[in-house]
Amino acid sequence: MPYTLKPGSGFDTEIERVDYLKDHVDTGDRWTLNFGPQHPATHTTLRLVLELDGERIARCTPHIGYLHSGFEKLGEHLDYNQYVTIVSRMNYLSPIANDICWHHAVETLFNIDITPRCKVIRTIMAEVARIQDHLLNVGAAALDLGAFTGFLYAFNVREKIYDICDYIAGQRYHPDWTRVGGAMKDLPDDSVFRAMIRDLIDKQTPQAIKDLENLVLRNKIFQDRTVGIGTMTAAECVEWSISGPLARASGVKRDLRKDEPYLCYAPNWNGQGAEPVEFSVPVHSDGDVYARFQVRIEEMKQACHIIRQLIDDKVWNTIEGTPIDTFADGKWVKPKKNEVYGSIEGLIQHFELIMTNRGWKAPIAEGYGANETANGELGYFIVADGGPRPWRVKTRPPSFINYQVMAKQLEGHMLADAVAVLGSLNIVAAELDR
Amino acid sequence: MTKHAPNIDHPTLKIVKEQFPDRTLRATEYRGQSTLIVEPKDLHEIMRFLRDDPRCNYDFLSDVIGLDYLNYPSQTIGRFAVIYNLCSYPRTDRIFVKTFLNPSIPTDGIEKDSALELDSMCDIWPGAEWTEREVYDMFGIRFRNHPDLRRILMWEAYPAHPLRKDYPLRGRGERENFRVISRTDG
């Protein structure tokens, strides 16, 4: 414990040492290694205390909290639109997926059914975020295992995705694009947006997937490092609360897009009997590190397939020119800027939501909204107290819950496998510690 | 905002009511999401039933949520609540199980309060380990029979449970009062 509190400050200055090695049997052969918190392979700040028997891991104790910044406490002091800037900083590999999930939960609580145009664009962006996340994950895992080139090919495509986020929201890294019942603003130009998305799904992503498959997945060295490492069975995944590609790589057939459908994954999403988007859920039976990367690669292909259906003229002609914001109950959604400046009703409605002593009159209720993001089930449990700010916001962070099994997967493996397993879990420390 | 009347027709609620006729059970619902409210002493038994009974079959514990209702505008049974978010994969169903706790000592410190204790779910779902640790860390609710109940996000000696409502947003000066170690001290 490097820190002590200033004596006489009124706080407990007696700091007990964390007894993390209480079962340690010192046979003279075992030794302890501190992995992290600042290590290139942890990508952010994680710390593992490894008890090693030679080079074999006998016990592993993860220590987290280095990046804890009180996001959930902040959520109690920011209103339903402002908090989107905080959630987008949780999983910063695919920020826009967090925005979409947060406002999905808020709209579930407020009972707002968003417009078909908003649903289509949100679904497209959610799938783009899935590609964004998986590209980094597969690339960075190869990087940690010594293959630098695949990482660069993957990152090149992520740059195009940043361009799309920049185009729709004005910010490339943290778009903060969604708002209650709609979006910050409508697309500047539909045709440019569609052209950018087409380029991404028809040219960039398929090429990157092909490169990654050839350079990484079919690489013998990569296979030797990942096949049979960190294996989990389907039953273990369910009882350890694992969701997302990790669970599907072990054979758990669960995807919220199919099981609790939302946005365009739900039937009749446009209110006129539209079919849900057609896609399949890739499932693998091996449950090892290699299977997780195969599932992620396959999910990227399915994401392209979903986007291709929505970007099609058949769907797009029905939503072109329709509003992106919901105006069903004018009290809930911020009006358009030209209405704010051009009409007294718009001005009143704008200030009713913006002024600190006004704002949303939320129901006194509790609601949960979850999306299937790239890491698994991301959910927000919101307790509303009738005022403009939530009473409590609980995130269900997939990184945090998936990271529990790290220690379990590592036991008995070699030290070098720690990096392979860590890469396959796709831990984002900002979401882990919040 | 129209008034929402709870619609308590979730099939699991009826099954639990039949199985435990002599327990105090409450239920509520909001927009299709049903919550079963149980007494803290019955929690473990009912949760085991919810997982093992083939009609319920809630095999996936999605999350454990801590809550502080200090000065909440609506009347609640207790000050603290712990909510379990349960999923059934075979039946594609979700239910929330909630229990309320009342503290017996002032809540601004980290002293052990025997009234703020619940049975751990780790023997039913091992995945509850870290989520329960987070509830303990943030709200000071301890879990009996937990395999490794340490704080998880804050360090062990942190003098408060920060998500309690009586803890201020900007803290109580912990950051300002760290001793600064200069180069010459080392």
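A few comments on the model shown:
Matching residues to (1) basic (Lys, Arg); (2) in contact with a Gly (Cβ under 6 Å, 6 or more places away or on another chain); (3) at pLDDT 90 or above:
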position: B:5; (1), (2), (3): no, no, no
position: B:8; (1), (2), (3): no, no, no
position: B:26; (1), (2), (3): yes, no, no
position: B:62; (1), (2), (3): no, no, yes
position: B:68; (1), (2), (3): no, no, yes
position: B:90; (1), (2), (3): no, no, no
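- Sole residue being free of Cβ contacts under 8 Å to residues at least 12 places away in the same chain, touching a helix residue (DSSP H, G or I) at 6+ places or on another chain (Cβ under 9 Å) and part of a loop (DSSP other than H, G, I, E, B), chosen from B:169, B:153, B:149: B:169
Conditions (1) in a helix (DSSP H, G or I); (2) without any contact (Cβ under 8 Å) to a residue 24 or more places away in the chain; (3) within 14 Å of chain B (Cβ to nearest Cβ); (4) closer than 30 Å to residue A:165 by Cβ, marked per residue:
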| site | (1), (2), (3), (4) |
| --- | --- |
| A:198 | yes, no, no, yes |
| A:208 | yes, no, no, yes |
| A:225 | yes, no, no, no |
| A:235 | yes, yes, yes, no |
| A:252 | no, no, yes, no |
| A:257 | yes, no, yes, yes |
| A:261 | no, yes, yes, yes |
| A:271 | no, no, no, yes |
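- Just one of (1) of a type in the set (Phe, Trp, Tyr); (2) over 22 Å from residue B:130 (Cβ atoms); (3) not in a strand (DSSP E or B) fails for residue A:31. It is (3).
- Identity of the residue in segment B:153-184, open to solvent by less than 90 Å² (accessible area, probe 1.4 Å) and acidic (Asp, Glu), that ends up farthest from the other protein chains (Cβ to nearest Cβ): B:166
- Within segment B:28-51, the set of residues being away from chain A (no Cβ under 13 Å) and out of contact with any Phe, Trp or Tyr (no Cβ under 9 Å at 6 or more places or on another chain) comprises B:41, B:44, B:48.
- Taken together, the criteria place residue B:117 among residues that are of a type in the set (D, E, K, R) and under 16 Å from the mean Cα position of the chain (by Cα).
- Of the numbered criteria (1) among the aliphatic types (A, V, I, L, M); (2) surrounded by fewer than 23 Cβ atoms within 10 Å (Cβ to Cβ); (3) over 28 Å from residue A:246 (Cβ atoms), the one residue A:109 fails is (2).
- Across segment A:371-390, the number of residues qualifying as more than 16 Å from residue A:238 (Cα to Cα), crowded, with 22+ Cβ neighbours inside 10 Å and within 8 Å of another protein chain (Cβ to nearest Cβ) comes to 3.
- Contact map, segment A:145-156: first residue at positive phi, second residue surrounded by 15 or more Cβ atoms within 10 Å (Cβ to Cβ), Cβ cut-off under 9 Å, separation 6 or more or different chains; pairs are A:146/A:222; A:146/A:225.
- Residue B:48 meets the stated requirement of being modelled with pLDDT of 85 or more and over 30 Å from residue A:360 (Cβ atoms).
- Selection within segment A:71-81: residues that are within 9 Å of chain B (Cβ to nearest Cβ) and in contact (Cβ under 8 Å) with a residue 24 or more places away in the chain. The member of this set that is most open to solvent (accessible area, probe 1.4 Å) is A:77.
- Top-ranked residue in segment B:132-152 [being of a type in the set (A, V, I, L, M, F, W, C) and more than 11 Å from chain A (Cβ to nearest Cβ); ranked as surrounded by the fewest Cβ atoms within 10 Å (Cβ to Cβ)]: B:149
- Check on residue B:116, among the aliphatic types (A, V, I, L, M) and either out of contact with any Phe, Trp or Tyr (no Cβ under 8 Å at 6 or more places or on another chain) or within 10 Å of chain A (Cβ to nearest Cβ) (or both): no
- Every condition in (1) over 24 Å from the mean Cα position of the chain (by Cα); (2) open to solvent by 10 Å² or more (accessible area, probe 1.4 Å) holds for residue A:333 except the one numbered (2).
- Of the set (1) open to solvent by 60 Å² or more (accessible area, probe 1.4 Å); (2) under 28 Å from residue A:259 (Cβ atoms); (3) touching a helix residue (DSSP H, G or I) at 6+ places or on another chain (Cβ under 9 Å), all apply to residue B:33 but (1).
- So residue A:225, is it open to solvent by 60 Å² or more (accessible area, probe 1.4 Å) and either farther than 30 Å from residue A:87 by Cβ or modelled with pLDDT of 90 or more (or both): yes
- Tally, over segment A:145-204, of residues that are open to solvent by less than 10 Å² (accessible area, probe 1.4 Å) and within 30 Å of residue A:227 (Cα to Cα): 5
The values are calculated or read from the model by the stated rules, or taken from the named source; none is laboratory data. In this text the structure is predicted, and so the values were computed from the model without any measurement. FYI the Cβ positions are ideal-geometry reconstructions off the backbone, even for glycines, and counts take in every protein chain you see. Heads up: the accessible areas ignore ligands, DNA and RNA and are worked out on the full protein's heavy atoms, side chains in. Shrake-Rupley method; radii C 1.70, N 1.55, O 1.52, S 1.80 Å.
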